[in-house]
1. Have a look at the DSSP beta bridges in the protein assembly as shown and tell me what percent are antiparallel, nearest 5.
2. Over all residues in B:69-77, what is the mean tally of Cβ atoms on other chains that come within 10 Å of each residue's Cβ?
3. Calculated from DSSP H runs of 4 or more alone, at -39500 (n - 2.57) each and per residue, what is the 222 nm mean residue ellipticity of chain A, nearest 500?
4. Note the distances from residue B:222 to each other copy's matching label point, with points 7 Å along the Cα-to-beta-carbon direction, in nm, sorted shortest first.
5. When the chain is fully extended, how far beyond the present Cα-Cα distance does residue B:65 get from residue B:277, taking 0.36 nm per residue of separation?
6. Report, to the nearest 10°, how far helix B:26-35 tilts away from the longest principal axis of the Cα atoms in chain B, using its own Cα long axis and a range of 0 to 90°.
7. What number results when the radius of gyration of the range A:88-209, computed over Cα atoms, is divided by 2.2 N^0.38 Å?
8. Other chains' Cβ within 10 Å of A:89-97 residues: what's the mean?
Number of protein chains: 2
Amino acid sequence: MRPPEDLTAVVNVGDDVVLHGLHVSPDIDTITYTLAGAIDPERGWGLAGETWHAMEGLRRFPLARSWFDLGDRDLATHLYRTDRLGAGASLTEVSAEIATAWELGCRLLPVTDEPLQTMVTVADEGEIGFQEYFVRRHHDVVVEAVRFAGAEAATPGPEVLGAIADAERVVIAPSNPIVSIEPLLVVPGVRAAVEARRPDTVAVSPIVAGAALRGPADRLLRELGHESSVVGVARLYAPLAATLVVDEADAGQAAAVEAAGMRCVVGPTIMRGLAEAAALAELVLAA
Amino acid sequence: MRPPEDLTAVVNVGDDVVLHGLHVSPDIDTITYTLAGAIDPERGWGLAGETWHAMEGLRRFPLARSWFDLGDRDLATHLYRTDRLGAGASLTEVSAEIATAWELGCRLLPVTDEPLQTMVTVADEGEIGFQEYFVRRHHDVVVEAVRFAGAEAATPGPEVLGAIADAERVVIAPSNPIVSIEPLLVVPGVRAAVEARRPDTVAVSPIVAGAALRGPADRLLRELGHESSVVGVARLYAPLAATLVVDEADAGQAAAVEAAGMRCVVGPTIMRGLAEAAALAELVLAA
């Protein structure tokens with residue numbers, strides 16, 4: 001086992017949303033709570049043992065926007081982040097303070113400290129914010145386009161490019177290529193930094209047997225003109241990563257992945273618990 | 001008993017504070033929760049049966065400003081207010097929405113929709129915000145001056161002057177003259193509106209037998225050069241109100257109150273419960 005200090009996570013902020021005046025960073029929080037062992041394992045987001053008294057109170061008001069659930073303990077994170085940002089701290093600084101408070105050990109870097117908003121154009125409503133698509137609409141709507149507002153003007157967080165350049169191995173996690181990985185790459189300098197590390201970069205396919213294990217990655221890939229398969233993933237990641245790890249269920253597509261320009265490593269990629277996650281991490285490091 | 005629709009409360013906003021990005025209106029909330037029968041009777045603020053999970057979570061962070069307790073259910077009010085203000089609603093509109101959600105019946109008017117901040121100069125720290133004085137310092141510090149930042153530029157809320165002009169009776173509640181009543185009067189037009197109703201205006205002394213029943217009114221009066229007695233109160237309120245209601249404990253000072261320029265009505269003014277509050281209201285209406 002590697003010590004947590006060996007790990008740096010560069011994290012998407014395109015999902016961030018201001019709700020009721022509070023700065024909510026869902027991806028950063030999910031990673032923080034997961035690595036702290038505090039996440040609710042059933043929901044996959046928020047804190048275990050959470051209470052919902054503030055949300056219940058909010059439903060008293062007919063005009064309240066209560067489609068985004070904020071647990072009472074989770075609210076502490078958003079209150080703290082908002083207060084610190086208001087006092088002039090950067091998102092990088094605040095995220096490090098929160099990670100330290102949860103005793104993570106590893107480094108958790110927002111890809112940028114500047115505003116970058118994932119915007120989704122849906123068939124029946126036009127362009128809406130990512131959380132409006134993902135949470136309010138339950139990602140159950142046809143997506144016509146995805147845009148990253150503010151990306152061109154954003155600069156990478158102060159340690160991001162160095163972390164990519166200095167990493168022993170760069171890993172593209174089995175996350176949604178369109179709305180979780182792409183908003184990292186669109187920050188000027190980040191895509192080039194990963195491309196420069198292509199030989200040492202390993203991606204893990206979020207698509208297993210044609211489907212996403214969770215969330216709308218498969219549907220989004222299809223709706224935006226890609227193939228929802230490990231080959232579709234390989235075509236997206238070939239410029240960035242030398243190697244693609246695919247699940248054993250996709251062993252039959254290994255040749256097609258290689259034809260798309262990536263070395264293909266086959267192994268168990270479905271993480272049902274810590275042991276399987278650790279085994280996948282070892283596989284990726286050895287790839 | 002009068003129906004609640006007969007009552008309009010013009011409320012101080014100088015205590016308002018932005019905490020963790022949330023707009024907190026302590027006076028409005030205390031009146032709302034009190035009239036809704038939802039206030040915690042022991043503390044005198046916040047909601048009965050409250051939980052504190054967000055606050056407990058906040059204490060995980062060493063840099064968190066956690067001196068102002070926000071209960072989980074109470075947070076719903078601040079989340080809602082902040083969201084609505086951010087969407088362009090006025091404090092008057094939001095306060096009415098919150099009052100309606102709590103089924104108050106009566107009208108609750110912030111004295112102004114514009115920023116007005118009660119600032120307190122304390123002996124050892126200089127000028128600080130009201131809540132920093134009242135909550136963080138537990139009002140246990142020598143006060144040298146009180147100032148109402150923004151008052152000159154503020155305008156009364158849209159219904160405030162009309163409510164005062166049209167009232168059958170104007171009542172100055174037994175509240176702190178320096179930091180709760182004065183920040184109403186400093187909004188341009190409000191003092192004149194009350195003075196114009198002087199014959200129909202009744203004040204209730206917050207000082208009983210030389211002391212405040214709650215809070216720092218007695219100490220503040222002394223430190224800022226006034227007398228902490230019903231006579232001191234009468235000297236402050238004589239230009240505004242024809243009548244001062246004093247507690248039976250101060251019956252001996254009735255003549256001195258009259259000498260200060262106010263008619264003096266003696267009665268029980270200490271409200272330990274609803275019955276006593278209703279009796280005092282009847283006394284004030286009959287005065």
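1. Numbers: 34 of 64 bridges.
Antiparallel: roughly 55 percent of the beta bridges in the protein assembly as shown.
2. Working: counts 0, 3, 4, 11, 8, 3, 10, 12, 5.
Across B:69-77, the average partner-chain Cβ count within 10 Å equals 6.
3. Details: 11 runs with 94 residues, N = 287.
Taking each H run of at least 4 residues, the total per residue is -9000 deg cm²/dmol.
4. 7.9
5. So the extension gain works out to 72.7 nm.
6. 70
7. Details: Rg = 15.9 Å, N = 122, 2.2 N^0.38 = 13.7 Å.
So the range A:88-209 has a normalised radius of gyration of 1.17.
8. On the way: counts 1, 0, 0, 0, 0, 2, 0, 0, 4.
Mean partner shielding for this stretch: 1.
Read the figures in this text as sums done on the coordinates, not as results from a lab. Model, not experiment: these values are computed from the prediction. Using ideal geometry, Cβ is built from the backbone for each residue, glycine included, and neighbour counts are taken over all protein chains shown.
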